[in-house]
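As structure tokens, the structure follows; a few thoughts come after it.
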Amino acid sequence: METLETRELRYFAAVAQELHFGRAAARLGIAQPPLSRAIQQLERRLGVRLLDRGPGGVALTEAGSVLKVEAGLALAAVEAAVRRTRRAAAPSRALRLATKAGASHELLRLLLEQTARALGADGIEVVLCEVGEQAGLLRSGAADVAIMHRPVDDLTGVETQDLLTEGQVAIVPSSHPLTSRDQVTLAEVSHLPDLPMARWPRLDGTYPDGPGPEVRTQSQLAQSVALGLALLVIPASSRAWQWPQHAAVPVVDAPEITTVLAWPAHTRPRALDAVREAAAEVVRRLRSDPAALVVPEDGAQG
């Protein structure tokens with residue numbers, strides 16, 4: 001079976017992304033002729049044509065499109081292996097936990113308190129990120145564990161431990177008529193002519209169709225709601241970040257969301273067992289005292 005060198009994958013990935021040998025060579029910091037020879041040699045070794053060459057540049061063949069994806073995954077895995085190996089020998093051995101900024105705030109606070117009892121105050125480092133970024137941080141080795149949500153987050157290639165299952169709320173402007181309601185349905189909040197649903201990117205980065213604004217960060221989202229441009233539906237515990245200009249109304253028929261602790265399936269992050277036991281203790285505490293997760297009415301302001 002043919003094996004590929006990391007150098008060959010880096011060369012091909014650059015050409016596949018630039019679709020131009022000159023630009024790819026400049027990006028790699030090498031001359032164009034050796035880059036062209038390296039790609040030709042790679043095609044001969046694999047026995048397939050990866051690129052269609054023309055006067056204006058190059059285009060990927062079907063085989064080339066496949067290798068572009070596979071090369072990206074392989075190079076990312078190599079980078080993650082280097083990062084994890086170096087971190088294993090680093091003086092600072094804090095475990096890195098990735099979580100969306102503002103999400104599951106009270107749950108995170110309880111988990112950190114419980115983890116500190118086992119690992120000490122410096123035993124865990126919180127990496128705050130935007131929606132959908134936890135999976136990439138785990139795969140790249142930039143985070144060891146993450147707080148994620150099923151079924152909305154990408155849990156491919158990770159193992160999980162359930163923490164909390166809860167309903168969802170609609171976050172609307174505090175001046176909107178819906179704030180007088182005790183509860184609403186998904187149908188009601190999905191088709192408001194004066195307040196469209198904000199559109200989050202899908203896992204592949206594309207946005208669903210609809211009249212609502214496209215948002216990628218929680219600050220964009222918070223401002224859109226405060227200005228009366230959009231509403232959103234989120235897990236009830238995530239309302240901790242809501243502004244005074246926001247109000248939360250329970251959505252009775254929204255799918256339940258399960259918050260999970262997640263880590264790469266092929267590795268055992270440092271201190272994972274201690275964090276998992278801390279998470280289990282938090283779950284036991286919440287089952288005996290659900291009020292421990294209640295967000296104060298004045299909330300946390302963003």
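The values are calculated or read from the model by the stated rules, or taken from the named source; none is laboratory data. Everything quoted here is computed from the prediction, not taken from an experiment. For neighbour counting, all protein chains shown are included, and Cβ atoms are generated from backbone atoms with ideal geometry for every residue, glycine included. The protein model used for the area step is the full one, side chains on, heavy atoms only, and it has no ligands, DNA or RNA in it. Shrake-Rupley method; radii C 1.70, N 1.55, O 1.52, S 1.80 Å.
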Look through GLY47, GLY54 and report the one residue that is open to solvent by less than 80 Å² (accessible area, probe 1.4 Å), of a type in the set (Gly, Ala, Ser) and at negative phi. GLY54
Taking the condition surrounded by 15 or more Cβ atoms within 10 Å (Cβ to Cβ), under 21 Å from LEU4 (Cβ atoms) and out of contact with any strand residue (DSSP E or B) (no Cβ under 7 Å at 6 or more places or on another chain), does GLU106 pass? no
Scan (1) in contact with a helix residue (DSSP H, G or I) (Cβ under 7 Å, 6 or more places away or on another chain); (2) more than 30 Å from GLY141 (Cβ to Cβ) for the single condition VAL215 breaks and write down its number. (2)
Checked the range 128-149 for anything closer than 20 Å to ARG268 by Cα and not in a loop (DSSP other than H, G, I, E, B); matches are GLN134, ALA135, GLY136, LEU137, LEU138, ARG139, SER140, VAL145, ALA146, ILE147, MET148
Among the listed residues GLU113, GLU125, identify the single one that is among the acidic types (Asp, Glu), in a strand (DSSP E or B), open to solvent by 30 Å² or more (accessible area, probe 1.4 Å) and at pLDDT 85 or above. GLU125
Quick check on my filter: what residues within the range 128-157 are more than 17 Å from LEU108 (Cα to Cα), basic (Lys, Arg) and at pLDDT 90 or above? none
Taking the range 175-198 only, how many residues are open to solvent by 60 Å² or more (accessible area, probe 1.4 Å) and not acidic (Asp, Glu)? 8
Taking into account only those residues within the range 151-205 that are in a loop (DSSP other than H, G, I, E, B) and among the small types (Gly, Ala, Ser), which is nearest to the chain's Cα centre (by Cα)? GLY205
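For every residue, the table says whether it meets (1) modelled with pLDDT of 85 or more; (2) part of a loop (DSSP other than H, G, I, E, B).
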site: PRO34; (1), (2): yes, no
site: VAL48; (1), (2): yes, yes
site: SER65; (1), (2): yes, no
site: ALA71; (1), (2): yes, no
site: VAL78; (1), (2): yes, no
site: ARG87; (1), (2): no, no
site: SER92; (1), (2): no, yes
The residue that is least open to solvent (accessible area, probe 1.4 Å), considering only those in the range 238-294 that are among the aromatic types (Phe, Trp, Tyr) and under 27 Å from ASP154 (Cβ atoms), is TRP263
Looking across the range 128-143 at residues that are more than 21 Å from VAL78 (Cβ to Cβ) and free of Cβ contacts under 8 Å to residues at least 40 places away in the same chain, the single one that is surrounded by the most Cβ atoms within 10 Å (Cβ to Cβ) is CYS129
Would you confirm, using the coordinates I've provided, whether GLY228 is surrounded by fewer than 16 Cβ atoms within 10 Å (Cβ to Cβ) and either touching a Lys or Arg at 6+ places or on another chain (Cβ under 6 Å) or at pLDDT 90 or above (or both)? yes
One residue is enough: does the range 113-126 have a residue meeting the conditions closer than 24 Å to ASP204 by Cβ, touching an Asp or Glu at 6+ places or on another chain (Cβ under 9 Å) and not β-branched (Val, Ile, Thr)? no
Could you look through the range 5-37, keep only residues that are of a type outside the set (Asp, Glu) and touching a Lys or Arg at 6+ places or on another chain (Cβ under 8 Å), and pick out the one that is most open to solvent (accessible area, probe 1.4 Å)? GLN17
